[in-house]
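Beneath this line is the structure, given in structure tokens, with notes to follow.
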Amino acid sequence: MGHRRRKPPPPPRPKRRVLLFLSIPVLLFLSLRLPSSVLRRANSLGRRCAPERPFLPPNAPSTQRLRIAMATFSFSGGREDGLSRRRSFEGLADLAGRNKRGYAERMGYGFVDAERLVDPHRPPSWSKIPAVRSCLGDYDWVFWNDADTIVTNFEISLENILESAIGHMDFNASPDLVVTEDINGVNAGVFFVRSSDWSKNFLDMWWNQTSFIQFGSTKSGDNAAMKHLIDNLSPGELQEHVSISSMQCLFNSYPWSLTWRSVIRLVCSPHAIWRGTYSKGDFILHLAGFDNKKEWAAKILQEINVEKL
Ligand SMILES: *[C@@H]1O[C@H](CO)[C@@H](O)[C@H](O)[C@H]1NC(C)=O
């Protein structure tokens, strides 16, 4: 300790260049982290996924309440989907199933696990169509959510979401299909269907789009088929029967992670990414296209549990 050192000689010049050189990867690293931390804070930076009004649990007498079912598959991928896809779902089914069952119980909705309806002749994702179809007799509305989704805000009710999407609370005079769109157009992973003749016919037509069926790919074709049907509706029919929510984060938020593809998407369509990226307070996290679904789900569930529940 106590003894003084001589002033060191001035550093040799090349050192500055080395420092500059070293700072480039550091800056690059920081700038790459930026989009993800900004997007994760979207809601506190002023993004509004729904019109601003308090979200209250529905308190109408039970005879007047809508009969709503949350429908999903609890299985972890299915035979035809290939090993890597099955692996990416591993462990998620339990977590997501418990999460959604808990939410449905708390809110007084039906919970339908449609696993037994899986048609082995098509990639499993197609079987959401007969699954939703089979619920329409017993419920006024069916809220379909893919196996890789979790509820991330238990304060928001499905009625709240529907009201935000359609702009009023007359749920019997509403469009029949309520969906969101992502950067690729409508997404068939999370949507609402009203029990009506139009819906039944739409689901039958959707199921009949057999030319879209694809095996052995990450895409099974059901999303493309839904998109095709919606694209081919007349403007009048579209207006009357389909509501495409402009804010994807209303009920179908995706995580954002640093990959080349997501950076390119962010640069090309910053608005779409802003509207669709998961931020704290969002209702549903949808791990569309992610490999490590379970880690993501566990991480985010832990985050919200620690802070809120
Ligand atoms: C779907 O296909 C079946 C069998 O070909 C047919 O009977 C039915 O009318 C079709 N439904 C619709 C809505 O296109």
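The values are calculated or read from the model by the stated rules, or taken from the named source; none is laboratory data. Keep in mind that what you see is a predicted model, and the values were worked out from it rather than measured. Note that we place each Cβ from the backbone using ideal geometry, even for glycine, and neighbour counts take in every protein chain shown.
Just one residue in the set 199, 195, 217 is surrounded by fewer than 22 Cβ atoms within 10 Å (Cβ to Cβ), in contact with a His (Cβ under 9 Å, 6 or more places away or on another chain) and of a type in the set (S, T, N, Q); that residue is 199. Can you spot a residue in region 201-218 that is within 27 Å of residue 271 (Cα to Cα) and not aromatic (Phe, Trp, Tyr)? The answer is yes, given that some residue of region 201-218 is within 27 Å of residue 271 (Cα to Cα) and not aromatic (Phe, Trp, Tyr). In region 241-256, the residues that are crowded, with 23+ Cβ neighbours inside 10 Å form Cβ pairs under 8 Å with partners that are in a strand (DSSP E or B) and small (Gly, Ala, Ser), at six or more places apart or across chains, as follows: 251/245.
Of all the criteria given as (1) within 16 Å of the ligand (Cβ to nearest atom); (2) without any contact (Cβ under 8 Å) to a residue 60 or more places away in the chain; (3) among the aromatic types (Phe, Trp, Tyr), the one not satisfied by residue 192 is (1). Between 179, 267, 186, the distinction of being over 16 Å from residue 133 (Cβ atoms), more than 16 Å from the ligand (Cβ to nearest atom), modelled with pLDDT of 95 or more and out of contact with any Lys or Arg (no Cβ under 8 Å at 6 or more places or on another chain) belongs to 179 only.
Only residues that are more than 13 Å from the ligand (Cβ to nearest atom) and part of a loop (DSSP other than H, G, I, E, B) were counted in region 203-228, giving 9.
Among what's in region 229-240 and is of a type in the set (S, T, N, Q) and away from the ligand (no atom under 15 Å from the Cβ), pick the residue that is surrounded by the fewest Cβ atoms within 10 Å (Cβ to Cβ). The residue in question is 234. Taken over region 110-151, the residue count meeting the criterion of being in a loop (DSSP other than H, G, I, E, B) and closer than 26 Å to residue 175 by Cβ is 9.
For region 116-137, a tally of residues being surrounded by fewer than 23 Cβ atoms within 10 Å (Cβ to Cβ) and β-branched (Val, Ile, Thr) returns 1.
Only one of the listed residues (199, 262) is within 16 Å of the ligand (Cβ to nearest atom), part of a helix (DSSP H, G or I) and either under 23 Å from residue 145 (Cβ atoms) or of a type in the set (Phe, Trp, Tyr) (or both). That residue is 199. Is region 152-175 home to any residue that is within 16 Å of the ligand (Cβ to nearest atom), touching a residue at least 40 places away in the same chain (Cβ under 8 Å) and outside any loop (DSSP other than H, G, I, E, B)? For region 152-175, residues within 16 Å of the ligand (Cβ to nearest atom), touching a residue at least 40 places away in the same chain (Cβ under 8 Å) and outside any loop (DSSP other than H, G, I, E, B): absent.
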